[in-house]
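The values are calculated or read from the model by the stated rules, or taken from the named source; none is laboratory data. Quick caveat, the model's predicted, so the values are computed rather than measured. Note that we place each Cβ from the backbone using ideal geometry, even for glycine, and neighbour counts take in every protein chain shown.
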Amino acid sequence: MTHPLDPGTPLRHADGTDFSGAERQAFFQNVEQRVRNSHRDARSNFFDSELSLGDQLDMLWHEVNTTGTVSNTGTWFNAVKAVKESYPKDDSAYNLAVQQVAEMRNAPPPVEEPEAPVPPPETSPPMPEVLQQEGE
């Protein structure tokens, strides 16, 4: 089965041998995971830098200490909700990559430029006919 990101172009090892079917599948699964992780990394980095685990635990402690419970109106919930809304879990980058591969598969093959005609080799002007001597 062909991976959705596999455009079908040749993949070769450094020694010039083609990838096997299993190697192609593993290669494109790795690409898929990297595309998906790139979005998750941005979200994770925001959580780490703007809303650290320590800050979240502190918000939870103060909410439970003040109200006796955690609710969907408290500071922790609203802070996490804001991050989740800013960085939703979606597969838009992956879906875009799949769409681009599909377009590549359906695109007509590139038109190769025809080779320029080779001009004929330059020829010297014709030699004048040798005058024949009389009597020969």
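Pull up the range 73-98, narrow it to residues that are polar (S, T, N, Q) and modelled with pLDDT of 75 or more, then point me to the one that is surrounded by the most Cβ atoms within 10 Å (Cβ to Cβ). Show your work before the answer.
Kept after step one, since they are polar (S, T, N, Q), are these residues of the range 73-98: 73, 75, 78, 86, 92, 95.
Applying the additional criterion that residues be modelled with pLDDT of 75 or more yields 73, 75, 78, 86.
On the way: 73: 9, 75: 15, 78: 11, 86: 11.
Only one residue tops the list, namely 75.
From the list 36, 12, 24, 43, which residue is at pLDDT 75 or above, surrounded by 11 or more Cβ atoms within 10 Å (Cβ to Cβ) and of a type in the set (Lys, Arg)? Show your work before the answer.
Values: 36 fails: at pLDDT 75 or above; 12 fails: surrounded by 11 or more Cβ atoms within 10 Å (Cβ to Cβ); 43 fails: at pLDDT 75 or above.
Just a single option satisfies the conditions, and that option is 24.
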Fill in: Neighbours by Cβ (under 7 Å, 6+ apart or cross-chain): first from the range 55-71, within 15 Å of residue 83 (Cβ to Cβ); second β-branched (Val, Ile, Thr) and exposed (fewer than 11 other Cβ atoms within 10 Å of the Cβ)
none
Worksheet item: Can we say residue 65 is at pLDDT below 70 and in a helix (DSSP H, G or I)?
Response: no
